[in-house]
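A.B. asks: There's a structure below that I have some questions on.
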Amino acid sequence: MYQIRKNLKLVARKIKLGIMVYLEYRSSLLFYTLSSFAWAIASIVLQKFIFDEIVELKGWTFGEFALLNGVYNLSFACFIMFSWGSVYEEFRPAVKEGRLDRILTKPFAHKFFLTFGSFDMVGLFHLLPSMFIIIYASQFLTFNFPLINIILAVVYFLVGQFVLNSIVYLFYASTFWLTSAEHISSAFWTLESQSKTPLEILPRFVRAAFLSIIPIGFVAYIPTKALLGELSSIFFLYAVFFVVFLTFVNRTVWRLGVQRYESASS
C-alpha cells in the first residue's frame, strides 16, 4: 500500500510538471486545440459523405462507425496524455544513451516510472474533440446506453490502455538488445491506427490476430461493442487473460533487458 501511494504521488508530480511546461507556450496550446477540433470535424464529415451513399458497412451504421472513431480518439488522447511521453521521452533515451543505471538506483518502481505517468497536454486537446465525436454519434443511435454497458465499456477501455502501453513498451524494449530502435515509432503508430477499423471488414485471419496475437481490438472495437451491447461475455475472460499475460511478459522482458543492459560507463 505504501508503494502504491508513493507511485501515485510520483505520477501526480509528473502531471503537475507536464502542465507547467505546456503553460509556458500558450499560443501553441490554442493551435493544438483548434487543429484537434478541425481534424475531428473533417473525419466525421468524410464519414458522413460515405454513409450518405450506403446504409451500412458490414453491419455498421454511420452512428456506430462514428462512435467507434470517437472511442478510438478518446483512447488515443488518454494514451498520449499518460503513456507515450514516459516510454518515448524517458524509457527509450534512458536505455539508448546508457542513463538507465541512474534511475535503477532510485527508490521507486523503476518500470512504472519509465513507462507510465507522464502528462502531455497535447493528448488533452484530443480529448475534447473525442467527446464531441461521441456525443455527435449518439444522435444517430436509436437507444440509450444501459449502465451495465457503460461499466463494461469503461473496463474494456482501461484494458485497451494497458494493451497500448504494453505494446509500445515491448516495441521499445528491443533497445536493450539493438543499437537503435528509432524505426519503431512508425511501426507502432501504423499498428495503432488500425484499431479504429471495424474488425468485420478485415480478413478473418487479421481479425483473429487483432483479438489474440496483437490484441489492439481492445483499444476501441471491443469497448464500442460493449457500449452497443453487442459483445459476448467471453470477452471478459479474454480481457483478464491478456492483462495477466501481458503483465507477465512485461516483467520478464524488463528483467531480461536490465540484465542485458550496458550503461554508458560500462
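Each reported figure results from applying straightforward, stated rules to the coordinates on display, with no laboratory input. These numbers come from a predicted model, not from an experiment. Cβ sites come from the backbone with ideal geometry, for glycine too, and all protein chains shown count toward neighbours.
A.B. asks: Between residue 190 and residue 256, what FRET efficiency comes out of the Förster formula 1/(1 + (r/R0)^6) with R0 = 25 Å and r the beta carbon distance, rounded to 0.05?
C.D. replies: Details: r = 26 Å, r/R0 = 1.06.
Approximately 0.40, to the nearest 0.05.
A.B. asks: Largest first, please: the extent of the C-alpha atoms of the chain along each principal axis, to the nearest Å.
C.D. replies: Computed over the chain, the largest-to-smallest principal extents equal 63, 45, 38 Å.
A.B. asks: Report, in deg cm²/dmol and to the nearest 500, the calculated mean residue ellipticity at 222 nm for the chain, where each DSSP H run with n ≥ 4 adds -39500 (n - 2.57) and the sum is divided by the residue count. Before the final figure, lay out each step's value.
C.D. replies: Details: 12 runs with 178 residues, N = 266.
Result for the chain: -22000 deg cm²/dmol, rounded to the nearest 500.
A.B. asks: What dipole magnitude, in Debye to the nearest 20, does the chain give about its Cα centre under +1 on Lys/Arg Cβ and -1 on Asp/Glu Cβ?
C.D. replies: On the way: 22 positive and 15 negative charges, 222 e Å.
Magnitude of the dipole: close to 1060 debye.
A.B. asks: Among the GluC sites (Glu not before Pro) in region 79-151, which ones are in a DSSP loop with at most 16 other Cβ atoms within 10 Å of the Cβ? Mind listing them?
C.D. replies: On the way: sites: 89, 90, 97; in loops: 97.
Here the GluC sites (Glu not before Pro) that fit, given the DSSP loop and packing criteria, are 97.
A.B. asks: Still on this structure, please answer the following. Past 31 Å, Cα to Cα, is the threshold; run 96/225; 111/196; 58/111 against it and keep the listed order.
C.D. replies: 96/225; 58/111, as the Cα separations exceed 31 Å there.
A.B. asks: Where in the chain are the DSSP H helices whose alpha-carbon span along the long axis reaches 24 Å or more and whose Kyte-Doolittle mean is at least 1.0? Present the calculation step by step, with values, prior to reporting the outcome.
C.D. replies: Values: long enough: 2-22 (30 Å, 0.11); 26-51 (38 Å, 1.18); 62-79 (25 Å, 1.08); 121-138 (26 Å, 1.79); 147-172 (38 Å, 2.02); 234-260 (39 Å, 1.30).
Taking the DSSP H segments of the chain (at least 24 Å long, mean hydropathy at least 1.0), we get 26-51, 62-79, 121-138, 147-172, 234-260.
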